[in-house]
Amino acid sequence: MKLYSKIAAISFIIALFISCGNADDDVEFGVNPGGNTDITGDLGLGKPVDKCLNLDEGDLVLSIQNQYTTLPGKVSVFFRVSDDEGKPVAGLTAEQFTIYEQGRNDACFKTISPSESFARISPNAQIFNSNTVLVLDLSNSVLDSSLEELKSASISFVNNVMPDPDSEVYKMAIYWFNGEDKLHSLTPLTHVKQDLINSISGITKDISKDPSTDLYGAVIKSTDVAEKLLKESTTNDRIGAASVVIFTDGTDQASRYTETAAIQKVERANNNISYFSIGLGDEIDNDVLKKIGKTHSVFATDKAQLETTFNEISDRVSERANSFYLFEYCSPKRDGSGESNLAIQVKKGNRQGAVQTKFNAKGFTGGCE
């Protein structure tokens, strides 16, 4: 059994999530609380499926973030899909999911017809917020030698991550740092793509007077920003995720904060925050940047490669955001059937995965909104 699955089996025992409400205002979120001291918190809520289903060991992991029911009979499950190495799986459709239910009188699960249950992947806009924090090193070395390339790469990043047309679901903030003990705001959090592009286009060489690089301070402060955004975007009716993307062409020179403090800040951050790092040139410390960019890191040997590396990270950020799914269907269970077990299986090519949870059909009378 793969390590990821083994840990999942242990953690799911204590992470079992039970949804008891039957109306929109009864929603209780099971948001992953953070603390990355072990990876079990990243697996979400639910448990392995019952052996009676005879499903093979999965290569895909369904991480339940929230579930709720809505009268007269709709079941909604919000989850993220990743592979067994934690990489996001985007672009799934309702046809790739199979629903199984088990009532109190059922020996095992019964397959629910996708057509009869009106199973669908609903727009994440109903429930999801995605925030990206782009953090740029604007120390003198960047301003003197690679500013125009950085601006072009950053604009490409914005164009790739932010949708057309603008959507309130996807927001981005841009910050920059030099040697000061401050994370400077270039663009406050916004869903308007053109505002982000205009801010980047307006960067000039005289934006910074400090030649040093406070990389570790930028990591710590940008984590605080992401934590705050995550808290604000996760409410009693919505769930949030965040990505921190840090670019630098060097190592920490300010020596104001320690490497240990910066890495611990990343490791202990909320599990719904992803970290990406982009390094430029031969003065960077690859090992440190890999720890800062714990989700994914890329390195450009020269400024001509900047846009390519930024595009690679933008693909990763988009994949992460698009690996969250709101799956909904009409259950055949009715009031009086009590608590029912629910299993959801997903297939993509020759890979599959499944997760089991439960819901209460109290008040169910049939039909869906």
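The values are calculated or read from the model by the stated rules, or taken from the named source; none is laboratory data. A quick note: this is a predicted structure, and the numbers were derived from the prediction, not measured. Glycine gets a Cβ as well: all are built from the backbone with ideal geometry, and neighbour counts include every protein chain shown. Only protein heavy atoms, including side chains, enter the accessible area calculation; ligands, DNA and RNA are left aside. Shrake-Rupley method; radii C 1.70, N 1.55, O 1.52, S 1.80 Å.
Calculate what fraction, in whole %, of the accessible area of the chain sits on carbon and sulfur atoms when a 1.4 Å probe is rolled over the protein chains. Taking all protein chains in place, the chain shows 48 percent carbon and sulfur surface.
Extension gain, S156 to N140, is 3.5 nm, computed as 0.36 nm per intervening residue step minus the present C-alpha separation. Per-residue SASA remark: T308, around 90 Å² accessible (1.4 Å probe; ligands, DNA and RNA not included). In a DSSP loop and with at most 16 other Cβ atoms within 10 Å, the GluC sites (Glu not before Pro) in the stretch 260-329 are E283. Within the full protein context, the accessible area of M172 is estimated at about 0 Å² for a probe radius of 1.4 Å.
Sorting the segments 128-138, 332-342 by their mean number of nearby beta carbons within 10 angstrom, highest to lowest, gives 128-138, 332-342.
Among the listed values (1) 55, 46, 40; (2) 77, 57, 43; (3) 72, 41, 33, the one computed from these coordinates for Cα extents along the principal axes in Å is (3). At an R0 of 45 angstrom, the distance between the Cβ atoms of D166 and C108 translates into a FRET efficiency of 0.40.
Given a Förster radius of 56 Å and the C-beta distance between D50 and N198 as r, what FRET efficiency does 1/(1 + (r/R0)^6) yield to the nearest 0.05? E between D50 and N198, to the nearest 0.05, is 0.55.
Among the trypsin sites (Lys or Arg not before Pro) found in the stretch 175-226, those both in a DSSP coil and sparsely packed, with 11 or fewer other Cβ atoms within 10 Å of their Cβ, are K209. These residues, R256, R268, R320, go from largest to smallest accessible area, 1.4 Å probe, as R268, R256, R320. Here Y175 sits with roughly 40 square angstrom of accessible surface, probe radius 1.4 Å. Heavy atoms of the protein chains alone define the surface here; on that basis the chain has 43 Å² accessible area per residue at 1.4 Å probe size.
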